[in-house]
Amino acid sequence: MKKSDTPDSGFTLTDNQTGKTWKFPGHTGAMGNRLVDIRPMYSTSGLLTYDPGFTSTAACKSDITYIDGEKGILLHRGYPIEDLAEHSDYMDVCYLLLYGELPTPEQKASFDTEIRYHTWLHEQLARFYQGFMRSAHPMAIMVGVVGALSAFYHDSTDISDPEQRQLAAHRIIAKMPNIGASAFKYSLGRPFPIPINKYTYAENLLQMMFSNPSEEYKINPVLAKAIDRLLILHADHEQNASTSTVRLAGSSGANPYACIASGIASLWGPAHGGANEAVLNMLDEIGTVKNIKKYIAKAHDKDDSFRLMGFGHRVYKNYDPRAKVMQKSCHEVLTTLGIDDPRLELAMRLEEIALSDDYFLEKKLFPNVDFYSGIVMKALGFPESMFTVMFAIGRTVGWIAHWREMLGDGDQKIGRPRQMYTGYKKRKYKPVSNRGHTQNKISWSWLWRGKKNGTTASEG
Ligand code: ACO
């Protein structure tokens, strides 16, 4: 049964310097976790909270996804991710995330048709692609092209109209595989893909990525299933960096295409969606099992910036449940394709060693979903640069579900964090003639920080 939050007896805050106290309301969430409602804090006490990275701050209420990071539990609308990955397909999960319930057969058929018939891209978008370098990272193209959709689909940018919101939601989900596959084809100098309506979402994604117009493409059902599962595992993960970015962008009333573009930009970072690409690069760098010890030592070393990519998570202090499903999928795909990828053995050995290492145990660093997803995607034929694109395609529904939920939330306000100001107090203005030559010791080293390893500033 769904339970909303319950106000409770609340909390008292005491200022240890003055002995003054303030009372704040409390809430108990649906799963029993308690929260201090600090909304009245500034107006009643003049105090602000300091919480970089929002490690202890719930920025919104949400019915969509629940994570218990200590126990390694992930539920979408109450359903465990393991069950959804085993028994549902991606369209089922999209419907569930967007509308709150698993669809009936009729609802599913109609949703599926709606998505299938919005997969084309406007012809002029092809010209937009042509403005990019062929060597551009596909995530750079994704950010640009998805943002540009707002210049093409004016009939679905009025966020006050529920029908337009719905149309935009379906359109973005439907077009993402085409946008991603087009970025890939563009980088290869090949013709843009054509979606084929008889295929499922995952099958279409597969054929748009790997077919060519001169030959018939035969869908391998094992690969289509692996892609479908990959999309399910990435579909949503509550208030992660990219979803929070989408909510923050949307809180100002920005149109959905612009909001999703902001989510893609945030996802691109190596600490978030870029980690799957970084895992493969790391495995290649480690090279063989006998080098693992050296890299574990590098991860321990505080003076070394090296981190074991695909390990650790802001919320999971236990095994990421998605990583378990992904590990299974990884074995299935490699066995079906008859691929003997030494990186899988290396990854499993690395995992084994890290999971019995005091540093990783103490800091509760476990494999996350990205640890195995890169190996799966490589086996499916995706180049590393496309890994985060696949993540973005899967996560789009989560971003949209949160954007829609935020717009319907009566408590929602424009996102506007406060800060702890640490700069100068008010100073007397100095005219340029009185400023001397050496007083502003500004370091410009960031401009050429790539120089050390032979790259130019813009590549660094
Ligand atoms: N390897 C080595 N040490 C690590 C790692 C790692 N992968 N992750 C965290 N640590 C250490 C940190 O150095 C820090 O040590 P300290 O307390 O001695 O300073 C401690 O563990 C806590 O790390 P934070 O960065 O403060 O933890 P946070 O919750 O902010 O970061 C994050 C989580 C960004 C995922 C981090 O674990 C990381 O960088 N992992 C590698 C990148 C990665 O796999 N990202 C994918 C995330 S999942 C996703 O986006 C789908």
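Could you go through region 285-301 and let me know if any residue there is assigned to a loop (DSSP other than H, G, I, E, B) and either closer than 30 Å to ALA58 by Cα or of a type in the set (Asp, Glu) (or both). I'd like the intermediate steps shown before the answer.
Just the residues of region 285-301 that are assigned to a loop (DSSP other than H, G, I, E, B), to begin with: 287-288, 301.
Adding the requirement that they be either closer than 30 Å to ALA58 by Cα or of a type in the set (Asp, Glu) (or both) leaves 301.
Yes: region 285-301 contains one or more residues that are assigned to a loop (DSSP other than H, G, I, E, B) and either closer than 30 Å to ALA58 by Cα or of a type in the set (Asp, Glu) (or both).
Out of the residues in region 328-359 that are within 15 Å of the ligand (Cβ to nearest atom) and in a helix (DSSP H, G or I), state the one that is farthest from the chain's Cα centre (by Cα).
Step by step, filter region 328-359, then rank; the result is ASP358.
Can you say whether GLN107 is open to solvent by 60 Å² or more (accessible area, probe 1.4 Å) and farther than 24 Å from ARG395 by Cα, as far as the supplied structure shows?
For GLN107, the condition - open to solvent by 60 Å² or more (accessible area, probe 1.4 Å) and farther than 24 Å from ARG395 by Cα - is not met.
Can you spot a residue in region 402-422 that is within 16 Å of the ligand (Cβ to nearest atom), out of contact with any Phe, Trp or Tyr (no Cβ under 6 Å at 6 or more places or on another chain), part of a helix (DSSP H, G or I) and closer than 19 Å to ASN240 by Cβ?
yes
Please identify the pairs in which a residue from region 158-175 that is free of Cβ contacts under 8 Å to residues at least 12 places away in the same chain has its Cβ atom under 9 Å from the Cβ atom of a residue that is β-branched (Val, Ile, Thr), counting only partners at least 6 apart or on another chain.
GLN164/THR157
Need pairs with beta-carbon distance below 7 Å; first residue touching a residue at least 60 places away in the same chain (Cβ under 8 Å) and closer than 15 Å to ILE179 by Cα and within region 382-410, second open to solvent by 40 Å² or more (accessible area, probe 1.4 Å) and not in a helix (DSSP H, G or I); sequence gap 6+ or separate chains.
That search, which allows pairs on different chains as well, returns SER385/HIS137; THR388/TRP268.
Return only the number of the condition from (1) small (Gly, Ala, Ser); (2) within 16 Å of the ligand (Cβ to nearest atom); (3) in contact (Cβ under 8 Å) with a residue 40 or more places away in the chain that SER56 does not satisfy.
Single failed check for SER56: (3).
Return the pairs, sorted by first residue and then second, in which the second residue is open to solvent by less than 10 Å² (accessible area, probe 1.4 Å) and near the ligand (Cβ under 8 Å from one of its atoms), the first residue lies in region 349-371 and is free of Cβ contacts under 8 Å to residues at least 40 places away in the same chain, the beta carbons are less than 8 Å apart, and the residues are 6+ apart or on different chains.
GLU351/PHE371
From GLU123, GLU101, grab the single residue that is open to solvent by 40 Å² or more (accessible area, probe 1.4 Å), acidic (Asp, Glu) and free of Cβ contacts under 8 Å to residues at least 24 places away in the same chain. Steps first, please.
Values: GLU101 fails: free of Cβ contacts under 8 Å to residues at least 24 places away in the same chain.
When all the criteria are applied, what remains is GLU123.
Suppose the filter is hydrophobic (A, V, I, L, M, F, W, C), over 30 Å from GLN207 (Cα atoms) and either open to solvent by less than 20 Å² (accessible area, probe 1.4 Å) or modelled with pLDDT of 95 or more (or both); does LEU380 pass it?
Criteria not met by LEU380.
Just checking, which of VAL389, VAL315, VAL376, VAL369 is within 10 Å of the ligand (Cβ to nearest atom), closer than 24 Å to HIS137 by Cα and not acidic (Asp, Glu)?
When all the criteria are applied, what remains is VAL369.
Considering only region 222-245, I want to know if a residue exists there that is more than 30 Å from SER56 (Cα to Cα) and more than 24 Å from the chain's Cα centre (by Cα). Spell out the reasoning first.
Step one: list which residues in region 222-245 are more than 30 Å from SER56 (Cα to Cα), which gives 222-229.
Going one step further and asking which of them are more than 24 Å from the chain's Cα centre (by Cα), we end up with 222.
Yes, that holds for at least one residue.
Go through region 360-376 residue by residue and tally those that are in a helix (DSSP H, G or I) and either open to solvent by 40 Å² or more (accessible area, probe 1.4 Å) or in contact with a Gly (Cβ under 6 Å, 6 or more places away or on another chain) (or both). It would help to see each step written out before you state the result.
So in region 360-376, the residues in a helix (DSSP H, G or I) come out as 360-362, 370-376.
Right, trim to either open to solvent by 40 Å² or more (accessible area, probe 1.4 Å) or in contact with a Gly (Cβ under 6 Å, 6 or more places away or on another chain) (or both) and you get 361-362, 370-371.
Matching residues across region 360-376 total 4.
Report the residue count in region 203-241 for those that are touching a strand residue (DSSP E or B) at 6+ places or on another chain (Cβ under 9 Å) and either more than 16 Å from the ligand (Cβ to nearest atom) or within 18 Å of ILE179 (Cα to Cα) (or both).
Qualifying residue count, region 203-241: 1.
With respect to the numbered conditions (1) aromatic (Phe, Trp, Tyr); (2) closer than 18 Å to GLY381 by Cβ; (3) open to solvent by 40 Å² or more (accessible area, probe 1.4 Å), which one is the sole condition not fulfilled by PHE184?
It fails just one condition, (3).
Considering (1) open to solvent by 10 Å² or more (accessible area, probe 1.4 Å); (2) touching a residue at least 60 places away in the same chain (Cβ under 8 Å); (3) touching a Leu at 6+ places or on another chain (Cβ under 8 Å); (4) within 12 Å of the ligand (Cβ to nearest atom), say which one TYR295 fails and leave the rest.
Against the list (1) open to solvent by 10 Å² or more (accessible area, probe 1.4 Å); (2) touching a residue at least 60 places away in the same chain (Cβ under 8 Å); (3) touching a Leu at 6+ places or on another chain (Cβ under 8 Å); (4) within 12 Å of the ligand (Cβ to nearest atom), TYR295 comes up short only on (2).
Say we look at region 318-327 and pick out the residues that are within 13 Å of the ligand (Cβ to nearest atom) and part of a helix (DSSP H, G or I); which of these is surrounded by the fewest Cβ atoms within 10 Å (Cβ to Cβ)?
By that ranking, first place goes to PRO321.
I'd like the full set of residues that are within 15 Å of the ligand (Cβ to nearest atom) and either of a type in the set (Ser, Thr, Tyr) or free of Cβ contacts under 8 Å to residues at least 24 places away in the same chain (or both), limited to region 242-270.
Of everything in region 242-270, those that are within 15 Å of the ligand (Cβ to nearest atom) and either of a type in the set (Ser, Thr, Tyr) or free of Cβ contacts under 8 Å to residues at least 24 places away in the same chain (or both) turn out to be SER242, THR243, SER244, THR245, SER266.
The values are calculated or read from the model by the stated rules, or taken from the named source; none is laboratory data. All figures in this text were calculated on a predicted structure; none of them were measured in a lab. Heads up, the Cβs are rebuilt from the backbone with ideal geometry, glycines too, and the neighbour counts pull from every protein chain shown. SASA here: full protein model, heavy atoms, side chains in, ligands and nucleic acids out. Shrake-Rupley method; radii C 1.70, N 1.55, O 1.52, S 1.80 Å.
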